[in-house]
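Quick one: this structure, given as structure tokens, is what I'll be asking you about.
The values are calculated or read from the model by the stated rules, or taken from the named source; none is laboratory data. Just so you know, these numbers come straight off a predicted model, no measurement behind them. Cβ placement follows ideal geometry from the backbone for every residue including glycine, while neighbour counts extend to all protein chains displayed.
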Amino acid sequence: MAWAGNTANEWQAVFRQMMGHDLVRPDAERHGALRMTDAALPILRGEATIDLRRDTLRAAAGGARPVARMLVSDEDAPLLSALKARRRALAEAARVPAYIIFTDRTLIEMAEARPQNLDAMARIGGVGAKKLETYGAAFLEVINGEAQPMHKARRKLAGREAGNVYDQLLQVQADLARGEQGTEKPLSCSAAMLAKVAQLRSADSSAIERLLGDKRAERFGPAFLDVLRDAG
């Protein structure tokens with residue numbers, strides 16, 4: 001297909017397919033402007049080629065499906081296109097219709113709200129606990145770029161008050177890793193331990209000791225109890 005003279009809608013269809021192949025991504029630091037990924041380098045150097053579907057281009061040109069700019073602001077349109085590309089890739093891998101992953105309405109809300117973490121993602125309409133667990137990280141990567149994966153124990157608390165408590169416990173643990181004076185032997189709790197503490201229904205020192213054991217309870221117990229009391 002000749003590229004000269006393509007309409008804006010046709011080019012948007014091209015970029016959607018490129019995002020589906022992870023050749024371009026929105027750059028959060030540049031307010032959603034698209035940037036090339038490492039996967040695009042062989043194509044730019046002429047070492048590899050890629051085929052784009054003509055039917056997608058025709059559909060966009062003929063107005064058979066709404067394009068991103070018709071659904072959201074110009075600022076959010078590139079991100080919505082990227083979210084749709086990620087949804088399409090996941091749907092094709094699972095061999096299910098795209099709406100089974102997330103509906104357009106949900107993706108539009110994601111593009112507008114730009115959740116920064118799973119807790120914020122849980123507040124998006126249409127993102128239930130199961131879909132948050134299964135797809136949340138994949139869509140956050142599109143919105144925010146590559147990030148450190150959240151531990152499974154923390155991920156299960158996403159969207160709940162216990163998740164906030166977990167984050168506070170994690171910070172307290174980091175502050176006391178070498179004791180109050182910073183001179184003691186490093187000590188830490190596993191993510192599973194912290195998750196159990198975060199879900200305690202009452203600030204009970206004996207329960208803390210049972211979960212953490214003597215050494216960890218001595219190091220972290222009083223500070224953990226303060227976090228639980230403040231949350232209660």
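Could you please let me know if Arg69 is in the same structural domain as Ala113 (by TED's automatic domain parsing), modelled with pLDDT under 70, buried (at least 16 other Cβ atoms within 10 Å of the Cβ) and closer than 15 Å to Ala111 by Cα?
Details: in the same structural domain as Ala113 (by TED's automatic domain parsing): yes; modelled with pLDDT under 70: yes; buried (at least 16 other Cβ atoms within 10 Å of the Cβ): yes; closer than 15 Å to Ala111 by Cα: yes.
Considered against the rule, which asks whether it is in the same structural domain as Ala113 (by TED's automatic domain parsing), modelled with pLDDT under 70, buried (at least 16 other Cβ atoms within 10 Å of the Cβ) and closer than 15 Å to Ala111 by Cα, Arg69 comes out as yes.
Could you please tell me which pairs satisfy a Cβ distance under 9 Å, a separation of 6+ or placement on different chains, a first residue in region 165-190 that is among the polar types (S, T, N, Q), and a second residue that is exposed (fewer than 14 other Cβ atoms within 10 Å of the Cβ) and part of a helix (DSSP H, G or I)?
Gln168/Asp230; Ser188/Ala174
In addition: Assess whether Arg35 counts as being at pLDDT below 70 and under 26 Å from Ala138 (Cα atoms).
Values: at pLDDT below 70: no; under 26 Å from Ala138 (Cα atoms): yes.
Considered against the rule, which asks whether it is at pLDDT below 70 and under 26 Å from Ala138 (Cα atoms), Arg35 comes out as no.
Quick check: is even one residue across region 126-133 surrounded by 13 or more Cβ atoms within 10 Å (Cβ to Cβ), outside any helix (DSSP H, G or I), at pLDDT 90 or above and in the same structural domain as Leu79 (by TED's automatic domain parsing)? Before the answer, list the steps.
First, the residues of region 126-133 that are surrounded by 13 or more Cβ atoms within 10 Å (Cβ to Cβ): 126-127, 129, 131-133.
Subset that is outside any helix (DSSP H, G or I): 126-127.
So of that shortlist, the ones also at pLDDT 90 or above come out as 126-127.
This time we only want the ones that are in the same structural domain as Leu79 (by TED's automatic domain parsing), so: 126-127.
Yes: region 126-133 contains one or more residues that are surrounded by 13 or more Cβ atoms within 10 Å (Cβ to Cβ), outside any helix (DSSP H, G or I), at pLDDT 90 or above and in the same structural domain as Leu79 (by TED's automatic domain parsing).
Conditions: (1) touching a Leu at 6+ places or on another chain (Cβ under 6 Å); (2) modelled with pLDDT of 90 or more. Asn117 meets all but one. Number of the miss?
Asn117 satisfies every listed condition except (1).
Right, Leu157: under 30 Å from Ala94 (Cα atoms), in contact (Cβ under 8 Å) with a residue 12 or more places away in the chain and out of contact with any His (no Cβ under 7 Å at 6 or more places or on another chain) or not?
Numbers: under 30 Å from Ala94 (Cα atoms): yes; in contact (Cβ under 8 Å) with a residue 12 or more places away in the chain: yes; out of contact with any His (no Cβ under 7 Å at 6 or more places or on another chain): yes.
Yes.
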